[in-house]
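Take a look at the structure below.
The values are calculated or read from the model by the stated rules, or taken from the named source; none is laboratory data. Computed from a predicted structure; not experimentally measured. Because the Cβ atoms are built from the backbone with ideal geometry, glycine has one as well, and the counts that use them run over all protein chains shown.
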Amino acid sequence: MTGQIRSELLKVRTTRTVWALTALAVGFVALSTVANSYFVTAGVQAAADAGSAEIFRSVLASISTSGAQVAPLCLGILLLTAEFRHNTITATLLAEPRREVVVAAKVVAILVVGAGIAVAATVVGLAIALPWLGLDGVAVPSAGELPLIVLGNFLVLVLYGLLGLGLGTVVRNQVVAVVVGVVFVTTVEPLLVLAITGLRFLRPLGGVAAYLPGEAASALQRTVSVAQDPGALHQLPMLAGGLVLLGYGLALLGLGTRFSVSRDIT
Amino acid sequence: MSVIEIRGLSKRFGTTLAVDDLSFEVEQGDVTGFLGPNGAGKTTTLRALLGLVEPDRGWLRLNGRRYQDLASPGRQVGAVLESASFHPARTARNHLRVLAAVEGLPDRRVDEVLALVGLAEVARGKVGGFSFGMRQRLGLAAALLGDPRVLVLDEPANGLDPEGIRWLREFLRSFAGRGGTVLISSHVLAEIAQTADRVVIIGQGRKLADAPLAELTTRPAGPVRVRSPQAGRLAAALAGDGIVVERGDEDGLLLVSGGSAAAVGELAAREGVVVHELVAERSTLEQVFFELTTQATAHATSPPAPGGPAPGPPAAGRGDAGEGPDAEGGAA
């Protein structure tokens with residue numbers, strides 16, 4: 001198992017994809033943190049109304065849901081689908097024929113790599129937000145709050161990686177899996193949430209919407225996602241949000257390992 | 001000792017029965033050629049043996065275990081499969097390092113096998129830029145990483161240049177000479193004829209022959225060829241002994257059936273006839289192959305009505321080709 005994990009990490013390190021996606025994530029974080037810091041502090045009223053914890057939460061949400069979550073998501077998807085695309089799955093399974101061991105090693109790999117991306121994103125986000133908000137006179141929130149915000153965003157990134165790996169085990173076709181994953185996260189889900197919060201007759205679905213992956217991520221960040229209307233959506237507690245996101249990843253992994261990865265390699 | 005055992009393997013893909021109740025064994029120290037026309041079920045058999053394809057039925061063992069149950073399979077069995085594939089952006093060396101990591105093999109071993117297959121110079125080149133033959137060598141390097149005692153090779157000579165083919169042949173011979181066991185599928189019959197100790201031929205997913213190579217290729221095939229400047233006298237003498245003689249299409253050539261080369265030679269000596277050429281043609285592997293596989297195809301083109309009685313044993317091969325005794329199959 002440790003050999004297989006080492007092999008999986010080496011696979012990630014020996015192509016450029018991981019660096020490209022990390023750069024993409026960091027870019028998203030930087031742009032979004034700058035924009036968020038600017039808008040939060042430029043709106044004098046908003047700054048006066050909101051407590052500093054709330055400002056920090058909304059600005060630092062850039063670390064994970066600025067589009068940066070797409071990086072671990074795609075990396076998770078690629079970890080398995082690239083093996084089928086280039087047929088390296090044959091060599092992988094000859095070296096380790098127990099497929100569940102291969103999947104388990106990939107889970108460890110994506111957690112490690114996701115954590116790496118999360119560290120980079122966090123460093124960039126904090127490096128921009130802390131001085132900027134400080135100069136604008138927003139006090140750093142009380143002890144314990146800042147680490148909790150950082151932890152929430154960190155977990156969002158790591159869990160999106162797991163979600164991607166899960167999706168990749170279910171949908172072995174690389175292009176389909178990436179398109180489905182990215183379009184869902186960046187378009188379908190925000191539109192769904194917008195519809196639920198905006199359309200009166202869909203409002204009763206607010207409770208269900210809280211269990212969407214993006215809303216579970218918002219729960220981890222403890223921000224209100226699309227509409228700045230706290231009454232529109234029920235939000236899960238932070239821990240529950242984390243468990244929901246973890247649940248999606250594990251459910252997909254279970255399904256994919258049982259029904260898709262187990263198929264004949266011809 | 002049987003290193004590889006395949007008993008009663010059947011595998012269906014959709015409506016196609018790819019492998020149909022196939023059984024054979026590979027003994028330690030043997031190079032066994034695994035032959036059959038395209039679509040005969042060779043690749044499916046090898047993939048089932050290596051745990052990549054789940055058999056519908058059958059008992060498959062390598063070193064006494066299922067491949068999935070081998071401890072450190074890479075150190076026991078090396079495999080090259082037809083669609084050997086690589087991530088194009090990864091270098092040859094990194095491709096092997098990824099595989100070496102599974103068994104905890106050092107980078108030194110990676111460099112050793114790269115040198116062994118003649119890829120040391122391009123070790124740090126991306127596989128995407130490799131020729132087919134170079135990829136094939138890289139596939140072999142991967143198979144050899146764990147220094148296994150058993151090799152399972154699916155069309156390994158494919159894409160190799162003549163130099164590479166000769167290298168492979170010599171490598172396999174010395175590998176088997178050191179007690180290693182090889183199961184090798186190929187459509188290059190001449191290659192197998194030069195390398196294998198034993199041959200298994202399949203067609204339409206069924207076994208057609210399973211015998212030592214020598215046994216398959218020492219059967220006399222066709223008439224004895226005799227060339228003599230005194231062909232007329234010889235023909236008359238042979239005919240006088242009741243042996244059937246035909247005139248060949250060349251001057252002085254006789255085709256003798258019903259008598260061995262030895263009989264013809266003795267008669268010629270007795271009669272004092274000069275003989276320039278005396279050849280008892282043996283069947284080549286190629287002849288045996290086509291003989292068996294065309295029979296199988298002929299059977300398959302007239303299938304029984306669904307649910308109807310089966311048309312007897314399909315092309316069980318000739319008696320001397322020896323359908324090995326079917327071991328008792330058991331679901332794995």
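Within the stretch A:127-137, restricting attention to residues that are assigned to a helix (DSSP H, G or I) and surrounded by fewer than 20 Cβ atoms within 10 Å (Cβ to Cβ), which residue is farthest from the chain's Cα centre (by Cα)?
Of the stretch A:127-137, the ones assigned to a helix (DSSP H, G or I) are A:127-135.
Add one more test, that the residue is surrounded by fewer than 20 Cβ atoms within 10 Å (Cβ to Cβ), and what stays is A:127, A:130-132, A:134-135.
Values: A:Ala127: 20, A:Leu130: 22, A:Pro131: 25, A:Trp132: 25, A:Gly134: 27, A:Leu135: 30 Å.
Ranking the candidates gives A:Leu135 first.
Take the stretch A:151-198 and flag every residue that is polar (S, T, N, Q) and in a helix (DSSP H, G or I).
A:Asn153, A:Thr169, A:Gln174, A:Thr186, A:Thr187, A:Thr197
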(request) Tell me, yes or no, whether the stretch A:35-44 has at least one residue that is away from every other protein chain (no Cβ under 12 Å), surrounded by 23 or more Cβ atoms within 10 Å (Cβ to Cβ) and either closer than 30 Å to B:Ala141 by Cβ or not charged (D, E, K, R) (or both). (result) yes
(message) What pairs come out if I take residues in the stretch B:214-233 that are within 30 Å of B:Arg198 (Cα to Cα) and of a type in the set (Val, Ile, Thr) and pair them with residues that are at pLDDT below 85 and in a loop (DSSP other than H, G, I, E, B) whose C-beta lies under 9 Å away, six or more apart or interchain?
(response) B:Thr217/B:Ser283; B:Thr217/B:Thr284; B:Thr218/B:Ser283; B:Val224/B:Gly259; B:Val224/B:Ser260
(message) Which condition from (1) assigned to a strand (DSSP E or B); (2) polar (S, T, N, Q); (3) surrounded by fewer than 17 Cβ atoms within 10 Å (Cβ to Cβ) is the one that B:Thr32 breaks?
(response) (3)
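On the given criteria, is B:Val102 farther than 24 Å from B:Leu172 by Cα and within 12 Å of chain A (Cβ to nearest Cβ)? Break it down stepwise before answering.
Working: farther than 24 Å from B:Leu172 by Cα: yes; within 12 Å of chain A (Cβ to nearest Cβ): yes.
For B:Val102, the condition - farther than 24 Å from B:Leu172 by Cα and within 12 Å of chain A (Cβ to nearest Cβ) - is met.
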(request) State which residue pairs qualify: first residue under 18 Å from A:Glu54 (Cβ atoms) and inside the stretch A:115-135, second residue small (Gly, Ala, Ser) and part of a helix (DSSP H, G or I) in any location, beta carbons under 6 Å apart, and separation of 6 or more residues or different chains. (result) A:Gly125/A:Ser62; A:Ala129/A:Ser37; A:Trp132/A:Ser37
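Residues A:Glu8, A:Glu96: which one is touching a helix residue (DSSP H, G or I) at 6+ places or on another chain (Cβ under 6 Å), farther than 26 Å from A:Val119 by Cα and at pLDDT 95 or above? Working first, answer last.
On the way: A:Glu8 fails: farther than 26 Å from A:Val119 by Cα.
The match here is A:Glu96.
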(request) Please find, within the stretch B:221-249, the residue that is modelled with the highest pLDDT out of those that are touching a strand residue (DSSP E or B) at 6+ places or on another chain (Cβ under 8 Å) and charged (D, E, K, R). (result) B:Arg227
(request) Return only the number of the condition from (1) under 22 Å from the mean Cα position of the chain (by Cα); (2) modelled with pLDDT of 95 or more; (3) among the polar types (S, T, N, Q) that B:Asn94 does not satisfy. (result) (1)
(message) Looking for something among the β-branched types (Val, Ile, Thr) and surrounded by fewer than 19 Cβ atoms within 10 Å (Cβ to Cβ) - is there at least one such residue anywhere in the stretch A:158-165?
(response) no
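Kindly indicate the residue of the stretch B:61-90 that is in a strand (DSSP E or B) and surrounded by fewer than 22 Cβ atoms within 10 Å (Cβ to Cβ) and also farthest from the other protein chains (Cβ to nearest Cβ) among those meeting that condition. Steps first, answer last, please.
Going residue by residue through the stretch B:61-90, those that are in a strand (DSSP E or B) are B:61-62, B:65, B:77-80.
Narrowing the set further to residues that are surrounded by fewer than 22 Cβ atoms within 10 Å (Cβ to Cβ) leaves B:61, B:65.
Details: B:Arg61: 14, B:Arg65: 11 Å.
For the stretch B:61-90, the residue satisfying everything is B:Arg61.
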(message) Go through (1) farther than 22 Å from A:Tyr160 by Cα; (2) touching a residue at least 24 places away in the same chain (Cβ under 8 Å); (3) away from chain B (no Cβ under 14 Å) for A:Val29 and report which single condition fails.
(response) (1)
(message) Criterion first (out of contact with any helix residue (DSSP H, G or I) (no Cβ under 6 Å at 6 or more places or on another chain) and among the charged types (D, E, K, R)) does B:Arg97 satisfy it?
(response) no
(request) Taking the residues in the stretch B:35-50 that are surrounded by 22 or more Cβ atoms within 10 Å (Cβ to Cβ) and part of a loop (DSSP other than H, G, I, E, B) as candidates, determine which candidate is nearest to the other protein chains (Cβ to nearest Cβ). (result) B:Leu50
(message) Restricting to the stretch B:106-134, name every residue that is crowded, with 17+ Cβ neighbours inside 10 Å, out of contact with any Leu (no Cβ under 6 Å at 6 or more places or on another chain) and within 14 Å of another protein chain (Cβ to nearest Cβ).
(response) B:Arg109, B:Lys126, B:Val127, B:Phe130
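Within the stretch A:199-214, which residues are over 25 Å from A:Arg258 (Cα atoms) and in a helix (DSSP H, G or I)? Lay out the reasoning, then the answer.
Pass one, the stretch A:199-214, residues over 25 Å from A:Arg258 (Cα atoms): A:199-210, A:214.
Hits for the stretch A:199-214 are A:Arg200, A:Phe201, A:Leu202, A:Arg203, A:Pro204, A:Leu205, A:Gly206, A:Gly207, A:Val208, A:Ala209, A:Gly214.
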(request) Determine which member of the set A:Val107, A:Val112, A:Val59, A:Val119 is part of a helix (DSSP H, G or I), within 30 Å of B:Arg66 (Cα to Cα) and among the aliphatic types (A, V, I, L, M). (result) A:Val107
